[in-house]
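Q: Next up is a structure, given as structure tokens.
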């Protein structure tokens, strides 16, 4: 028995290692690349041994990219800031609109309710390109092209359905009698929503916000079409490293490391919070 | 429908506290409702009175309670409480306390904080809060769980905590939704008495929903029996048993349920007899009701088809002129339930002594005139109760 268990444990260990390698190796390799010059990266055969350099990071942060063809201005830090701004604003707006809507869908039966909820969800099925062309026409007409407002608005296509559907599920899991008890104790509907419903759905709201933030952060095509360099996030900004004199792999890698870091930190932070929320908020008893 | 004032509510404060006037509840589109859950429900509850809404599931009792609480809108009709019309007020403005059947405690608060919640919100003095919490939790035997969180409680504990939270605060009306459904039977019977005393002691007007007759009988001054959204009868437990308003109430109240036979009246110069016809294989039987004053009730005509009802406890076994066949005989420790086949159907009878006859044997039984209930054949309304018609 001991023998079987050891073999099992070893097998499990090997499999886990393989899975981890498969998923983590590219990230690890990118991380290494970000400290190499283009020559080191393009060496054949590739080698993990090299003299580390901070050149890539310095180029990104200073905004000056030196290539054989000459110096280029890159707006990477600006792009990073745009990403943070666009994603946070989008999630913020989606929360303000989506959480009350999710509550309404969870608690009240109204005409066309299910249809409206499904229509919102269907925005997630449609490829963004389907709406982009008409949107870009509307946006230039309305003067929303190349504005933060316009982008945050379009990002609602990504963030709002996520928040609405995840948070709705959480609200549905809360016994309405918990809210009823609070209401009959002399509290208004609005106060019940604020003091009882939202705190009880907090783990769900946190999870949905995190997902929505990551999805917004990773979006590429909306900003590519609807914004100019000035308003573009990192996903689009990375295109600048495809230069006339070749692809700047070192800078691309360090740009990836820098742009992944905020979401990674946020996810790590929220994960702790999510687990806590899930284990404490045993609503169903 | 008889209105009887509860003993403890007479004299001091007999005025009406809660009044429901022709209340209807439709679910779905009002113009084309899917369900008509409550139909023209009217009821007056006196100050300090305890009323039970009793009925099987889906009869509309919970909808009625939730309309009083304000969780459901009133589709038609009005509700008045303590002299105010409340049916369009939000729950917060109705000054009603409610104990819930299911999960209703605030998860982030301990049981103690849950119970004291309304008192603290009302800025009551801390010592006073503590005194009240101690009192009510001792009454409901939940002192040991005061510092626990709702998620770690059993259903019965949650229910008692919810009950404590409702009873502790001041309100014009106390609504209890199946207040003891999740408790152990023993605890239930103990708490029934205590809760009733508490309600009477503090003069609390209350309406509670139950599907348990024993609970309704033990707790309530009056019981409102509901079926299919309609209030069938509201009366004291004794009255429901002795003078059921119709066939539904007659067969719903009482355990085992009332025996009902199709029968025919014969009236001869004020002398009335009700007969149940026999079949080819079984004898019928009849009950002589003697002289009955018939002036008012025209439905009691000679030859009129009716339903005859008799409670199992009132059938006398082993004596009398009628014969049936004993088909089942169960001694339950303190009483015997026998099933007698007569007039082509079965009749349940309860005796407090053992019945020695063999199964399949002929057994004599008699039905006292005082125990007879007569109902109209068409709509089942009560036409005559032997106990009051027979001298």
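No lab work stands behind these numbers, since they all come straight from the coordinates. These numbers come from a predicted model, not from an experiment. Cβ: placed from backbone, ideal geometry, glycine included. Neighbour counts: every protein chain shown.
Q: Using 0.36 nm per residue, how much length does the chain from residue B:32 to residue B:184 gain when fully extended, once their Cα-Cα distance is taken away?
A: Gain on extension, residue B:32 to residue B:184, equals 50.4 nm.
Q: What does the convex hull of the alpha-carbon atoms of region A:1-104 project to on average, in nm²?
A: 14.0
Q: Here's another thing I want to ask about it. Residue by residue through B:155-166, how many Cβ atoms from other chains fall within 10 Å of the Cβ on average?
A: 1
Q: For region A:38-164, what's the radius of gyration and Dmax over Cα atoms, in angstrom?
A: When restricted to Cα atoms, region A:38-164 yields Rg and Dmax of 22.0, 67 Å.
Q: Would you mind calculating the relative contact order of region A:94-190 from Cα pairs under 8 angstrom and at least 6 residues apart, reporting the percent as a whole number?
A: It comes to 52 percent, rounded to a whole number.
Q: Rounded, prolate or oblate: which fits region B:348-391 when a ≥ b ≥ c are the square roots of the eigenvalues of the alpha-carbon gyration tensor, with rounded for a/c under 1.5 and prolate only if a/b beats b/c?
A: Prolate is the answer for region B:348-391, as a/c is 1.5 or above and a/b outweighs b/c.
Q: Here's something else I'd like to know. Sticking with the crude label model, points 7 Å out along Cα→Cβ, report the distance from residue A:269 to residue B:281 in nm, one decimal please.
A: Those two pseudo-labels are separated by 8.4 nm.
Q: Then there is this: Compute the angle between helix A:2-33 and the longest alpha-carbon principal axis of chain A, please, reported from 0 to 90 degrees and rounded to the nearest 10.
A: Helix A:2-33 and the main axis of chain A meet at about 70 degrees.
Q: Find, to one decimal place in angstroms, the Kirkwood hydrodynamic radius of region B:308-381, where the mean of 1/r is taken over every pair of different Cα atoms and then inverted.
A: 12.8
Q: At what distance in nm do the modelled label points of residue A:58 and residue A:97 sit from each other, each positioned 7 Å from its Cα along Cα→Cβ?
A: Modelled inter-label distance: 4.6 nm.
Q: Just report the Cα centroid separation between region A:103-142 and region B:132-185, whole Å.
A: Between the Cα centres of region A:103-142 and region B:132-185 lies a distance of 46 Å.
Q: Pairing the Cα long axis of helix B:126-139 with the longest principal axis of chain B, what angle in degrees results, from 0 to 90 and rounded to the nearest 10?
A: 30
Q: Divide by every residue of chain B the summed helix terms, -39500 (n - 2.57) for each DSSP H run of at least 4, and state the resulting mean residue ellipticity at 222 nm, rounded to the nearest 500 deg cm²/dmol.
A: Numbers: 9 runs with 88 residues, N = 391.
The per-residue figure over chain B is -6500 deg cm²/dmol.
Q: Suppose we take every Cα in chain A and form the convex hull; what volume per residue is that in Å³?
A: 207
Q: Further, regarding this structure: Debye sum, Cα scatterers, chain B, no solvent: what log₁₀ I/I(0) at q = 0.08 1/Å?
A: Taking Cα atoms of chain B as identical point scatterers yields -0.53.
Q: While we're on this one: In nanometres, what is the gap between the two model label sites at residue A:7 and residue B:271, each 7 Å from Cα along Cα-to-Cβ?
A: 10.0
Q: Can you give the FRET efficiency for residue B:238 and residue A:121, using 1/(1 + (r/R0)^6), R0 = 51 Å, r = Cβ-Cβ distance, to the nearest 0.05?
A: Efficiency for this residue pair is about 0.30.
Q: Now for a different question. Rg(Cα) of region A:130-197 divided by 2.2 N^0.38 Å? Could the numbers behind the result be given before it?
A: Working: Rg = 19.1 Å, N = 68, 2.2 N^0.38 = 10.9 Å.
Compactness ratio reported: 1.75.
Q: I've got another one for you. What is the ratio of the Cα radius of gyration of region B:145-275 to 2.2 N^0.38 Å, with N the residue count, to two decimals?
A: 1.41
Q: Cut-off 10 angstrom, C-alpha nodes, Gaussian network model of chain B. Which of B:342, B:210, B:64 fluctuates the most?
A: Of the options given, B:342 has the highest mean-square fluctuation.
Q: I would also like to ask the following. Treating the Cα atoms of the protein assembly as shown as identical point scatterers in vacuum, please give the log10 of the normalised Debye intensity I(q)/I(0) at q = 0.07, 0.10, 0.12 Å⁻¹, two decimals.
A: Here log10 of I(q) over I(0) equals -0.71, -1.04, -1.25.
Q: Quick one: go through region B:45-59 and flag any residue whose amide nitrogen is under 17 Å from the point 7 Å out along the Cα-to-Cβ line of residue B:135.
A: It comes to no residues whatsoever.
Q: Any idea what the relative contact order of region A:1-143 is, in percent, if you count C-alpha pairs under 8 Å spaced at least 6 apart?
A: 9
Q: I'd like the orientation of helix A:128-142 relative to chain A: the angle between its Cα long axis and the longest Cα principal axis, in ° from 0 to 90, rounded to 10.
A: The angle comes out at about 90 degrees.
Q: If you don't mind, another one. Please work out, to two decimal places, the log10 of the ratio I(q)/I(0) at q = 0.13 Å⁻¹ from a Debye calculation in which every Cα of region B:259-389 carries one identical scatterer.
A: -0.54
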